[in-house]
Amino acid sequence: MLVLRPFIRQVVFRAARPHFRVIAAPRYSSTLAEDVRSDSTFRIPLIDFAAYKQATSLAEKRCIADDIVNGFKEVGFVYLTGHVIEPETVDRVFQKSAEFFRLPEDTKARLAWDDPKANRGYVQVGRERVTTSLDAAEIAALRAKAPDTKESMEIGRENHPKFRNKWPQETEAPEFKQTMLHFFQTCHEVHTMVMKSIALGLDLPEDFFDNKIDRQDHNLRLLSYPAIRTSLLLGDGQARAGSHTDYGTLTLLFQDSIGGLEVQNPHTKHYQPASPIPGTIVVNAGDLLARWSNDVFRSTLHRVVAPPAIKINATEGMTPTRQSIAFFCNPNFDAIIESLPSCTSTSNPSKYPPLTTEQYIVGRLAATYS
Ligand SMILES: O=C(O)CCC(=O)C(=O)O
Ligand SMILES: [Fe+2]
């Protein structure tokens with residue numbers, strides 16, 4: 001599958017409005033590290049993971065692994081194509097998610113999220129305010145002034161010894177549970193594979209992460225952003241989802257065609273659109289992977305803002321409904337996250353003390369919800 005590599009290198013996604021702009025870059029384009037230094041050439045690399053799965057030698061795998069690691073080092077985000085998830089599977093999850101959010105308010109309220117340790121259940125509009133702040137009072141003030149305009153449903157691993165998922169009844173949402181559990185398993189498998197490639201790209205044995213990420217302590221988040229007058233999204237700090245980083249190893253993000261996701265260019269600090277590319281997964285590195293890699297990887301700020309609006313009259317625009325599905329991949333909750341041996345040296349000592357996944361994630365979740 002090495003033949004695919006030159007092709008992928010030529011198809012360079014330039015993050016610039018309007019959406020859906022994929023530009024064939026010159027054959028001998030500059031490197032990613034050079035491109036991301038300016039907003040006009042900023043790009044999120046598109047990586048064909050099929051080449052990794054089909055590689056017949058470690059050297060072939062290393063090529064893709066290097067591209068993936070480079071993407072997380074320079075941008076913190078990549079678009080993944082050639083993964084194992086069929087488009088029909090993703091379509092079905094979107095359909096079942098939309099059906100769920102159409103349930104009556106009191107049905108959803110019965111399933112309300114109520115405990116950051118469990119992190120399961122329905123979160124109504126305005127209840128979460130994602131932010132980088134760690135200060136509870138500051139987050140509460142932000143939530144009051146500019147709440148996230150989204151609702152979500154959080155699903156954890158089904159076989160947890162202490163915490164139960166909050167499922168609607170089968171008669172209320174037929175095949176919802178089965179669809180989500182199947183998708184959870186599929187995303188777990190993608191995570192395991194991508195982490196193998198990351199291990200290789202960081203000069204570790206390919207199976208380095210295997211026994212640290214096998215417990216499926218992940219979180220599947222169904223997201224629904226209701227239609228809203230665009231003027232309500234344009235105020236100070238106002239967004240569909242405020243600027244934040246994710247907490248775990250990787251996030252696998254599936255978005256519909258509406259747009260609005262933006263990624264901060266780490267060099268210029270300006271936000272650039274991560275426009276939907278059909279069939280791809282947007283994959284970003286989270287805080288724990290950045291910490292594990294001693295900041296070799298970036299956990300990049302991102303947010304969801306108003307996409308190009310549909311005019312409802314001469315002065316007012318309406319921002320259409322948007323759906324996305326985020327699969328937050330985590331290490332095992334009792335895994336100790338300490339700087340990886342290949343990311344530290346005497347001249348680059350570890351920047352962070354060790355901590356467990358649970359300590360980090362439960363602390364962040366407790367701060368961001370009301
Ligand atoms: O909806 C999206 O596109 C992004 C959502 C997100 O970043 C999150 O929930 O952490
Ligand atoms: Fe996020």
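The numbers here are math on the coordinates, done by the rules we state, and not lab data. The structure presented is a predicted model; accordingly, all values stated were derived computationally and were not measured. Note that each Cβ is placed from the backbone with ideal geometry, even for glycine, and that neighbours are counted across all protein chains shown.
Legend: distances between Cα atoms for K162/K212; K212/K351; K196/K269; K117/K196; pairs beyond 26 Å are K196/K269; K117/K196. As a rough guide to protection, the peptides 175-184, 287-296, 150-159 ranked by mean Cβ packing within 10 Å, highest first, stand as 287-296, 150-159, 175-184. Here the relative contact order of the chain, from alpha carbon pairs under 8 Å that lie six or more residues apart, stands at 20 percent.
Between D210 and V84, what is the spin-label point distance in nm, taking each point 7 Å from the Cα along the Cα→C-beta axis? For D210 paired with V84, the spin-label model returns 1.4 nm. Shown for region 26-120 is the translational diffusion coefficient from the Stokes-Einstein equation, using the Kirkwood radius over Cα pairs, a temperature of 4 °C and a viscosity of 1.567 mPa s: 75 µm²/s. Residues whose amide H comes within less than 5 Å of that of Q272, counting only those at least five positions distant or on another chain, are V263, Q264, N265 (H built at 1.01 Å from N in the peptide plane).
If a/c stays under 1.5 just call it rounded; otherwise compare a/b with b/c (prolate if a/b is bigger, oblate if not). Do that for the chain, with a ≥ b ≥ c from the square roots of the Cα gyration tensor eigenvalues. Verdict is rounded for the chain. Shape call for region 142-268 from the C-alpha gyration tensor, a ≥ b ≥ c root eigenvalues: rounded (a/c under 1.5), prolate (a/b greater than b/c) or oblate? Cα axes put region 142-268 in the oblate bin.
Remark: region 45-50, residue by residue, has Karplus-estimated 3J(HN,Hα) of x, 9, 10, 8, 6, 4 Hz, where x stands for each Gly or Pro and the curve is 6.51 cos²θ - 1.76 cosθ + 1.60 at θ = phi - 60°. Across region 336-353, computed HN-Hα scalar couplings (Karplus, 6.51 cos²θ - 1.76 cosθ + 1.60, θ = phi - 60°) run 8, 9, 9, 3, 5, x, 7, 10, 10, 7, 5, 7, 10, x, 4, 8, 10, x Hz from first to last residue, x flagging Gly and Pro. Near the amide H of L250, within less than 5 Å, lie the amide hydrogens of G286, C329, all on another chain or at least 5 residues away, with H placed in the peptide plane. Using only the Cα atoms of region 250-320, build the gyration tensor, take square roots of its eigenvalues as a ≥ b ≥ c, and label the shape rounded, prolate or oblate: rounded if a/c is under 1.5, else prolate if a/b is larger than b/c, else oblate. Judged from the Cα gyration tensor, region 250-320 comes out prolate (a/c at least 1.5, a/b above b/c). Near the amide H of D48, within less than 5 Å, lie the amide hydrogens of T81, all on another chain or at least 5 residues away, with H placed in the peptide plane.
Calculated FRET efficiency, Q185 to L232, Cβ-Cβ distance, R0 = 41 Å: about 0.60 to the nearest 0.05.
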